[in-house]
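Remarks on the structure that follows.
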Amino acid sequence: MDLINEGCKQMPKIEDCFYGSATLGERGQVVIPAEARKDCDIHAGDKLLVFRHPMHPHMLVLAKVSEMQQFFSKMAQTFIEAETQLGILSEEHE
């Protein structure tokens, strides 16, 4: 699912985002379920970022580095476009 290009569409159902469970191994490794890897285009050697959820201290979120780069790039572009439309150009962009 390409959320960056999908705009502000309705969020998917939670059952469509659940892939099962994983067990933490003795060496701290977790195996991401195959269906999740396939759906998220994650392959051996891909770099993932690991975040602790800001509101739930015992929840972790994984994100592909490449996806986060695209996300932040798109966010920056959208912010600049919004500034321009609103006539609120920051000193940095003048």
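Each reported figure results from applying straightforward, stated rules to the coordinates on display, with no laboratory input. Being a predicted model, the structure only gives us computed values, none of them experimental. Quick reminder, even Gly has a Cβ in these numbers, built from the backbone with ideal geometry, and neighbours come from all protein chains shown.
Pairs are defined by a Cβ separation below 7 Å, a sequence spacing of at least 6 or placement on different chains, a first member in region 36-62 that is without any contact (Cβ under 8 Å) to a residue 60 or more places away in the chain, and a second member that is outside any strand (DSSP E or B) and exposed (fewer than 10 other Cβ atoms within 10 Å of the Cβ); no pair meets this definition. Only a single criterion out of (1) under 19 Å from residue 16 (Cα atoms); (2) part of a strand (DSSP E or B) is not satisfied by residue 36, namely (2). Consider region 13-33 and keep the residues that are of a type in the set (D, E, K, R) and outside any loop (DSSP other than H, G, I, E, B). The one that is farthest from residue 67 (Cα to Cα) is 15.
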